[in-house]
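Here's the structure, in C-alpha cells; my notes come after.
Values quoted throughout were computed directly from the atomic coordinates according to the rules given, and no laboratory measurement underlies them. No experiment lies behind these values; they were computed from the predicted model shown. Ideal geometry is used to build each Cβ from the backbone, glycine not excepted, and the neighbour counts take in all protein chains shown.
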Amino acid sequence: MKAVIFSSYFPSNRYISKFIINDKITIDIYENFTKQTYRNRCNIMAANGISSLIVPIKKNNHCVLKDVEIDYSENWQMNHYRTILSAYKNSAFYDYYIPDILPLLTEKQKFLVDLNSKILEIVFKILNLSPVYDYSNKYIEDDDIKDYRNLIHPKSHKSSEDKEFKQAEYIQVFSDRHGFVEDLSIIDLIFNMGPLSISTLEKSIP
C-alpha cells in the first residue's frame with residue numbers, strides 16, 4: 001500500500017518512524033496549508049517544559065503548501081537557535097550534531113517546503129537512514145492509500161490513535177523536572193541519544 005505524509009519542520013519521532021516502516025512515502029506538497037500543525041512548527045523540551053518553535057509565514061489564505069513563503073521580517077532563526085542551545089547544550093550529543101543543524105537556521109529558504117526538505121535530508125544523514133520517498137506533483141486523493149496527513153498533530157485531541165508507534169523511553173535533559181515526554185521533535189532524540197537514535201525509533205515500532 002502507498003503512503004502519504006505532510007511536509008514537516010524538524011519533524012517528530014513518530015513522523016520519522018513512518019519512513020522506516022513503509023517501503024515508500026510521498027510527501028504531499030499540494031495540500032492546502034493548515035495552521036497550528038507540524039508543517040511549520042515543532043516541539044522540543046526546554047527547562048520550563050515543552051517549547052514550540054514556529055516558522056512564521058507570509059499571510060496568504062487558502063494557500064497550497066508548496067507556495068507558502070517564510071516571513072523573515074523578524075529574526076526567528078536566531079530565536080530558534082537560542083532556544084535549542086538553551087534546551088540541549090548540556091545533552092550528550094549537542095556539540096557533535098549542532099554543526100549539522102546550525103546551517104538550517106542560518107540559510108534563508110524562500111519557501112517552507114524547501115526548508116523542510118533540507119531538514120529531512122540532514123536528519124536522514126544523521127540517522128544513517130536511506131528511505132525511499134518523493135514529493136507529489138498534485139494533491140493526492142486515493143482511497144487505497146495509507147494517509148498520515150491528519151494523523152500526527154501537535155494537539156493531542158486532534159492526533160489520531162496510531163497503532164504503528166509507541167514511543168520507547170530514552171534519556172532527556174529535563175526528565176528530572178518533567179518526567180519523560182514522548183514524541184518530541186527528532187532533534188530531541190538526536191541530541192540526547194546520538195547513534196542510538198535509530199535503534200530507539202525501531203523500539204518504538206510495535
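Summary of values
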| quantity | calculated |
| --- | --- |
| Model label zone, Asn128; criterion: amide N under 15 Å from point 7 Å along Cα-to-beta-carbon; scope the stretch 183-199 | 193-199 |
| Over the chain, relative contact order from alpha-carbon pairs under 8 Å, at least 6 apart, % | 34 percent |
| For the chain, built as a Gaussian network whose Cα springs stay under 10 Å, the top-fluctuating residue of Lys58, Lys118, Lys163 | Lys163 |
| Net length gained if the chain between Asn75 and Lys59 were fully extended (0.36 nm per residue, minus Cα distance) | 4.0 nm |
| Zero-based 10 Å bins, Cα pair distances in the stretch 2-203, whole percents | 8, 36, 39, 15, 1 |
| Members of Lys24/Lys138; Lys18/Lys58; Lys24/Lys125; Lys59/Lys108; Lys66/Lys110; Lys89/Lys110 lying beyond 20 Å, as alpha-carbon distances in this model show | Lys18/Lys58; Lys89/Lys110 |
| Per-peptide average of other Cβ atoms within 10 Å, ordering 42-48, 98-104, 186-192 highest first | 186-192, 42-48, 98-104 |
| Cleavage-rule hits (GluC sites (Glu not before Pro)) in the stretch 56-162: DSSP loop, at most 13 neighbouring Cβ within 10 angstrom | Glu74, Glu107, Glu141, Glu161 |
| Residue with peak Gaussian network fluctuation, the chain [Cα springs, cutoff 10 Å], from Tyr139, Tyr94, Tyr148 | Tyr139 |
| Rounded Å value of the spacing that divides the Cα centres of the stretch 1-61 and the stretch 64-112 | 15 Å |
| Gain in span if fully extended, Phe174 to Lys146, counting 0.36 nm per residue against the direct Cα distance | 6.6 nm |
